[in-house]
Structure formats: structure tokens, C-alpha cells
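A short write-up of the structure that comes next.
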Amino acid sequence: MPSGKAGPLAPVAARAAAVCTGKTARVLSRALGRGGGTTLPGHLAERIDPGLVHGLGQAIPNGSVLVTGTNGKTTTTRILAGALRSAGLEVITNPEGSNLLPGIATALLLRTDGWGRLAVSPSAIGVFEVDEGAFRPAVAALSPRLVVITNLFRDQLDRYFEVDFVAQLWRRALQQLPATTTIVLNADDPQVAYLGEDLPAKVLYFGLDDRQWARPGLEHAADSRRCPKCGRDLLYGLSFYGHLGHYACNQCGWRRPDPRFAAWNVELQGLTGSRSRVATPAGDRTFHLPLAGLYNACNALAASAGASCLGVDMDLVQAAAQGVVGAFGRLERVRVGDKQACVLLVKNPSGFNEGLRLVLSQDGPRWLLAGLNDGGPDGRDVSWIWDVDFEMCQGRIALMAVSGRRARDLVLRLKYGGLLDPGPGPVAVASPMPLLVEEDMVRAFFAAIERTPPGETLYVLATYTAMWTLRRELVRRGYLAPFWRQARFEETAAG
Amino acid sequence: MRIVIGYLYPSVMSQYGDLGNVITIVRRCQWRGIDVEVRELEVGEAVDPGHIDLFLVGGGADTHQRLVCEDLLKVKGEGIRQAVDQGAAAFAVCAGYQLWGHHYHTATGEKLAGLGVFNAHTIHRAAQTGTRLDTIARAGSVRAVGNLVVKWGDQILVGFENHGGRTYLHSGARPLGKTLAGGGNNSEDGWEGCVYKNAIGTYLHGPALPKNPRLADHLIRAALGRHYRDVQLEPLDDTQEIVAHDRATERALARPSRGKRLWGQGVG
């Protein structure tokens, strides 16, 4: 909240008061069971001292790294932070996915002394994931030495309005960064790659060089098929997922930049992870990643490019990738009696499509629970489910449970996708999928688990607040640990 | 029976799940044994007025407006206008709606000429207020974003709106209906959408047709009406559609259309 001045308090006193308030809020928030207190403390502290993030951020001895993008920023941040920790740096980060300025403020104020001064070692560095919309103010406040941008997909249009608009905001922010800053961009995403044109800062690209995962043609969820330079159609030689691929414009000649960090020979090992060869300026390496999906292989690539820019040895990056723990709701596994649930956060059409592909990647029937809410963090507009290719589920689903406040919209999506029986008429659906509709996410989960056979897995794909509701209940019933405890465990385990 | 859908600019004007409208028309025809063909009409492809019975066009990014606008005027304009005058049906949403009016005044003050099917014009709110769109907050301050509920005859339509443009109907123009929740055309006069013959322009996306099956059938009936007389559509089992419609309407009317975010909790 950049509103208001520090008031009658002198700057030092304001900072101390802000930090003290924030820390108190943190303790209260956790004691009252109101959550992890990962944003409220920073929110309150910033109210008292609007210059807090700037003041504390500039005091970090080794500066800051910002990671933004639609998908994959949490995972990328985690691998990058892990590599820097093992390189002996003290990492200040916002691991809980609280990625607006108050989240960064909270991470910083927890490292202050009683006077509100940053109390860290000379080896400290900030590694923050930043929400797409908060990137510009975060750049202004922190003057990062390194920026990593993973990708730009259509996401929460009720908050960001248009994909192009987000790209414009990023461009303006990047233009402010000096030649001493390095910017790491995804070469496979045309709009992200184009951000690297004509910047004072140093630019470096990463990308996939693997034909075997290329698809014929772009999927409907592809967001930018147009040349960001001249507006004509881009021609895709390879297409990976969404609008990511190898492209060129035959009108103006602009094309995918050659990546310095490239992954090839990506071997996807179902839901357990992947192995890939990565070309780096320091030679080729093999990455073993315990997180599934092509998109996570890209996240590891982004993190290794970033770490390399900071001079971290590639061996350490390899180890950090291998040891990365899935973030909140990223293929998180829960044991419920003799059954298992695997929970996946979905936020946008491309993420949902990748999630479905992953779940369906190995043979056999699947038990699924899809949760759709329309709260602020989910996106109040649920129209994006019409760009998800539910049709790929045809004939593979033993149970489709739908839940959340907009469960009924999901039912329509499935019905019009030809997956449910439309009723009497000339067209019959060959094998309509067994459907369970229950708007209450917790009840839906246990009803679906009930119908999942012993030894099998229920896959849960849910939007943010739907997942949150379920997760809180699973924690309350002792199936899962609170996420902030996990995050803290990870910090201490690594540090 | 048979109809041909002209799906305009699928690659640049399909931002808000607009494909859902196409799927809905296709399915509701198939379920009744009506043959249906979808022709994708991209930039550069002309329209033969005799061949399209129903035009569907969705929302797009502001940056694509000019590209589409040029194509509408130079390549497709005459064909679409003739078809609509001959009774072809159309469902133009958001940016599609705006560009089918007389003109569109962009956020930067540029005046783009429109197709002129709808007797209306649109001004971007940022141009009206002189707002610079350089932050998310400022861009948000000039947009109408939220659930939109519209009284259409004796029916209630529900969808979602997300637009910076304010549309003003000229005298004699017929609105689609009165807004019960949300901003509609311009957040001032309480009207939403515009109707000319069998063409409907609206800010309702969501997409609108799956949850508003009466509106979908209205369009199918109008499209069939070009070739067949006294069309009677076979009733379908719309139980799921009606439940989804009612739940969405309930949610839209139960709370203010602008949501508030708690403590700035971000999303990883």
C-alpha cells in the first residue's frame, strides 16, 4: 500500500513501529489460527511505513532477484533459492507464495532487529517471486540485480484485463533497469522473448530444444499467436504447450532468439518427475527433477539460467533441482486410509490442460475431482474453463466429481464437451462419464475418495480458494501439515 | 435442416472462452438433428452474404482492435452488413460488439470506424476521463468488471463483463435489455446490449450461451429462419443449464459485482 505518508513519526521511529506491528501481527495471526501470517504483517507494516520494502530491500548486502510469470514462479524461485543456499548464501525469500508487495515486506521485516534495521549476514541475498501485476512496483522498490520471467499466459482476466497489458507493464518496468542487471527470459514464449528487445540491461534466454514433445499446431488455449513486433501471424515450427514453441514471423523476420540455456532429451517419468539434458555455457548437464511435467522441466531450466548468472556452480543447481519440494498444491500427495489423493492447483487454461495431460499420461482409468470457485484469488470470471480441452478425458474417466461454487459451470462444460449424456435426442454419448456434483469441496473430496478403489489415486484439480478450503480441512483432520510449517521446515533443512 | 456459422477471427477474438458460444450452438443443433457447419473467418477472408446464417464474434485484446477493424471495413464489412440485412443472425460480444457500432474511440484517443450494424458508438473510459493506463490499479479504475445480469423480455440473462469501453446507443436503437446487476453498456443509463434485426451485440461473456439456452435457441431459430418457414425447435433437457444459470444469477445478485481481495493474498 503506497498510500499515505509516514505521518508525524520520524523515519527511524516509523520503521521500528512498522516492523514491531508487523511482527506482532505475525505472532497473533498464527496463534489465532488465521493462517501463516505471510502477508498481513507486511500489509500493516507498509501502512505505517510505505518505504519499508525499498528501505529494507536496498540494505540486502547482495541485492535481490525477482521471479515473475504466470505459471511456475514458485517452483523456479524454490530451485533458485535452494541453489543459492547451497552456495553458502543466506537467502531471504517469500516461500509461501505470498507474492504481492506485502508478502515481500513480511519476508523482510522478519529479518529485522528491534530498531527495524535489517539484521542479516554479509552473504544475504533476496530471492522473491512476484505476482505479474506487482512486478512493476517491486522492480521500483528493490532495483533487482537479476530478473527471471517464466512465461505469460492468460490468467485472471478480471484482475489483469489483457495479456498484452501485462506485457506492456513488464516492458516499462524492465526499461528502468540498468546495464548491471541481468534479465533471464523464456525464448519459447514470443511475448516474453520480445521483452528482451532494446533494453539497457543484459538479456539471456532459456528454452526447450526437444522435438519429441512438440505437438502439431497450437492448442486453442494459445494466447499469443501474433508477432509481438509487427502483429502478423507467427509461424510455429514446433509447439510445446499453450503458445510456447519455436516460431518465426515471415513478415518482419523476427524470430525466437537462440537460448544460452537449452534443454533437450527431456524424459518425462509420469507423475514422479523428469530427466533432461541441459546445455549451459559451462557445459552439458543432466537434470533429475522430482516434479512432473514438461513445464516443471522449463522451470528448472529458468532457475539454472538465473543461478548461473549469479555465478553459482552448476553442480549446486543440479542438486537443488533434484531436491526441490513441490509447492503448495503442486502434485501434493495425501494418504487417506488405503487410498491416495494427488492435489494440483489449476489457475488458467494452459495449466489445466497440462494438469489433465499429466494425469492421463499413463494408461488406466482415472478418478478425478475438479474444483472451481470464483473468489478473488481464483478469478471471478470462470469463462476460461471453455478453453480447457476436457475432451481429452473421453473414455478415460472412472469418476468425475465436480465441486466448488461454480461446479454447475463445469457440468455444462462437460455436457457440451460431449462427455455427459445430453438426454433424449438423435445424438447419444457412447460412454458418458460417471458424474458426481457436490458444491461443498470437502464433502466432494470425501465422497470421491469413497468411490475411489483401494490402492488407487484420486486426482484433485482445483482453483486457489477451492484448494485452500480443502487443504485447511485436511490439515484440521491431520492428513496434512500446515503449509507454513512445511515451508519453515524446508528453510531450516536447507540452511 | 442445416445452418452455417461464421466464426469471426477465432485466433484473435476469442479471449474470454468465446469458443463456448460456438460449441453451444453446434451441440444444440446436433442434439436436434440439425446439420451445422462452422466456417472460421480469419483476417483477410471475405464473407459471402448468402452463405452465413449466424455470425459469432467474441472479445479480443485492445491491441488487436485496429487489425480487426481494418479487416471488418475493407474485407468483410459489405458481406456482413448485407447478410444481417437479409436476416442472418449474429451474436457479437464485447470487442466484437464495439466494432459493430459506428465507431470506437480507443484509450489513447484514436477514433476507429466500425461496421455500423448497431446504431451505437463506444468510447474507452480512459479517453473520457483522461486516465493513463500505466498501472493495474489505474487500468482497473476505468473498467467494468464483474457479473452482469440482464432482463431480456421475460427472461433473465447472466454472464460476466470486462470492458473499458462505454457504449452509447443512438436514438432509435433497441437495447437488448435492462441491467439488473453490473454496468452494461455504459454504467450510466442502465441499458445493456443492442439489437438490430436478428443481430445481437452485448457485453455478456462467460460465455453467455451455455448458461442462457433460451438465447442460444433464439439465435438458432433466427438462423434457420433464413431458409425455413415456421421453425419449431424440439425442446431439449435443459435441467443442467437452468441450474447453472440460476446459481450464477444468485451469486451475481447476492453481492456487489466488484470483489475485494483480502490482505493482498497473492497467487503463486
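The values are calculated or read from the model by the stated rules, or taken from the named source; none is laboratory data. Predicted model only: the values in this text are computed from it and were never measured. Cβ: placed from backbone, ideal geometry, glycine included. Neighbour counts: every protein chain shown.
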Exercise. Looking at the stretch B:19-70, which of its residues are among the acidic types (Asp, Glu) and part of a loop (DSSP other than H, G, I, E, B)?
Worked result: B:Glu42, B:Glu45, B:Asp48, B:Asp53
Problem set entry | helices (runs of 4 or more DSSP H) enclosed by the stretch A:1-103 - at least 1 residues per element that are at pLDDT below 85 and out of contact with any helix residue (DSSP H, G or I) (no Cβ under 9 Å at 6 or more places or on another chain) | A:11-31
Problem set entry | Enumeration of residues in the stretch B:1-18 that are touching a Phe, Trp or Tyr at 6+ places or on another chain (Cβ under 9 Å) and either closer than 18 Å to A:Trp384 by Cα or within 9 Å of chain A (Cβ to nearest Cβ) (or both) | B:Ser14, B:Tyr16, B:Gly17, B:Asp18
Problem set entry | Residue list for the stretch B:19-33, restricted to those being under 15 Å from the mean Cα position of the chain (by Cα) and more than 8 Å from chain A (Cβ to nearest Cβ) | B:Asn21, B:Val22, B:Ile25
For this session: Check A:Glu473 against each of (1) touching a helix residue (DSSP H, G or I) at 6+ places or on another chain (Cβ under 7 Å); (2) modelled with pLDDT of 95 or more and name the one condition it does not meet.
Result: (2)
Seminar exercise, completed: Scanning the stretch B:52-68 residue by residue, the ones that are under 16 Å from the mean Cα position of the chain (by Cα) and within 14 Å of chain A (Cβ to nearest Cβ) total 8
Problem set entry | Selected residue [in a helix (DSSP H, G or I) and under 21 Å from A:Tyr241 (Cα atoms)] from A:Arg408, A:Arg357 | A:Arg357
Problem set entry | Verdict on B:Arg132 being touching a strand residue (DSSP E or B) at 6+ places or on another chain (Cβ under 8 Å), over 21 Å from B:Phe91 (Cβ atoms) and either within 14 Å of another protein chain (Cβ to nearest Cβ) or crowded, with 16+ Cβ neighbours inside 10 Å (or both) | no
Exercise. So which residues in the stretch B:1-52 are surrounded by 18 or more Cβ atoms within 10 Å (Cβ to Cβ) and among the hydroxyl-bearing types (Ser, Thr, Tyr), if there are any at all?
Worked result: B:Tyr7, B:Tyr9, B:Ser14, B:Tyr16, B:Thr24
Problem set entry | Entirely in the stretch A:181-257, the strands (runs of 3 or more DSSP E) that have 1 or more residues that are of a type outside the set (Phe, Trp, Tyr), farther than 22 Å from A:Gly351 by Cβ and modelled with pLDDT under 90 | A:235-241
Seminar exercise, completed: Exactly one of B:His170, B:His121, B:His163, B:His205 is within 14 Å of chain A (Cβ to nearest Cβ), touching a residue at least 40 places away in the same chain (Cβ under 8 Å) and over 30 Å from A:Ala140 (Cα atoms), and that one is B:His205
Seminar exercise, completed: Flagged pairs (Cβ under 8 angstrom, 6 or more apart or on separate chains; first in the stretch A:130-150, on the phi > 0 side of the Ramachandran plot and more than 13 Å from every other protein chain (Cβ to nearest Cβ); second at pLDDT below 95 and assigned to a helix (DSSP H, G or I)) are A:Ser143/A:Gly57; A:Ser143/A:Gln58
Exercise. So which pairs qualify, if the first residue must be in the stretch A:327-349 and farther than 20 Å from A:Thr70 by Cα, the second must be of a type in the set (D, E, K, R) and assigned to a loop (DSSP other than H, G, I, E, B), the Cβ gap must be under 9 Å, and the two must be at least 6 apart or on different chains?
Worked result: A:Lys339/A:Glu456; A:Gln340/A:Glu456
For this session: May I ask you to list pairs of residues, at least six apart or on different chains, whose Cβ atoms are under 7 Å apart, with the first in the stretch A:403-429 being facing chain B (nearest Cβ under 8 Å) and on the phi > 0 side of the Ramachandran plot and the second being of a type in the set (Val, Ile, Thr) and outside any helix (DSSP H, G or I)?
Result: A:Gly418/A:Val429
Exercise. Given (1) under 25 Å from A:Leu474 (Cβ atoms); (2) more than 8 Å from chain B (Cβ to nearest Cβ), where does A:Gly375 come up short, assuming only one miss?
Worked result: (2)
Seminar exercise, completed: Out of (1) more than 23 Å from A:Val163 (Cβ to Cβ); (2) crowded, with 21+ Cβ neighbours inside 10 Å; (3) touching a residue at least 24 places away in the same chain (Cβ under 8 Å), the one A:Leu271 does not meet is (2)
Exercise. Can you name every residue in the stretch B:208-247 that is within 20 Å of the chain's Cα centre (by Cα) and facing chain A (nearest Cβ under 7 Å)?
Worked result: B:Pro210, B:Lys211, B:Glu241, B:Ala244
For this session: Could you please find all residues in the stretch B:104-115 being surrounded by fewer than 17 Cβ atoms within 10 Å (Cβ to Cβ) and under 20 Å from B:Gly79 (Cβ atoms)?
Result: B:Ala113
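Here is a yes/no grid of residues against (1) within 14 Å of chain B (Cβ to nearest Cβ); (2) more than 12 Å from the chain's Cα centre (by Cα); (3) surrounded by fewer than 24 Cβ atoms within 10 Å (Cβ to Cβ); (4) among the aliphatic types (A, V, I, L, M):
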site: A:Ala59; (1), (2), (3), (4): no, yes, yes, yes
site: A:Gly82; (1), (2), (3), (4): no, yes, no, no
site: A:Gly88; (1), (2), (3), (4): no, yes, yes, no
site: A:Asn94; (1), (2), (3), (4): yes, yes, no, no
site: A:Pro122; (1), (2), (3), (4): no, yes, yes, no
For this session: Determine whether the stretch A:338-352 contains at least one residue that is within 14 Å of another protein chain (Cβ to nearest Cβ), over 28 Å from A:Phe446 (Cα atoms) and crowded, with 24+ Cβ neighbours inside 10 Å.
Result: no
Exercise. Given the residues A:Arg226, A:Arg232, which is the only one that is buried (at least 22 other Cβ atoms within 10 Å of the Cβ) and charged (D, E, K, R)?
Worked result: A:Arg226
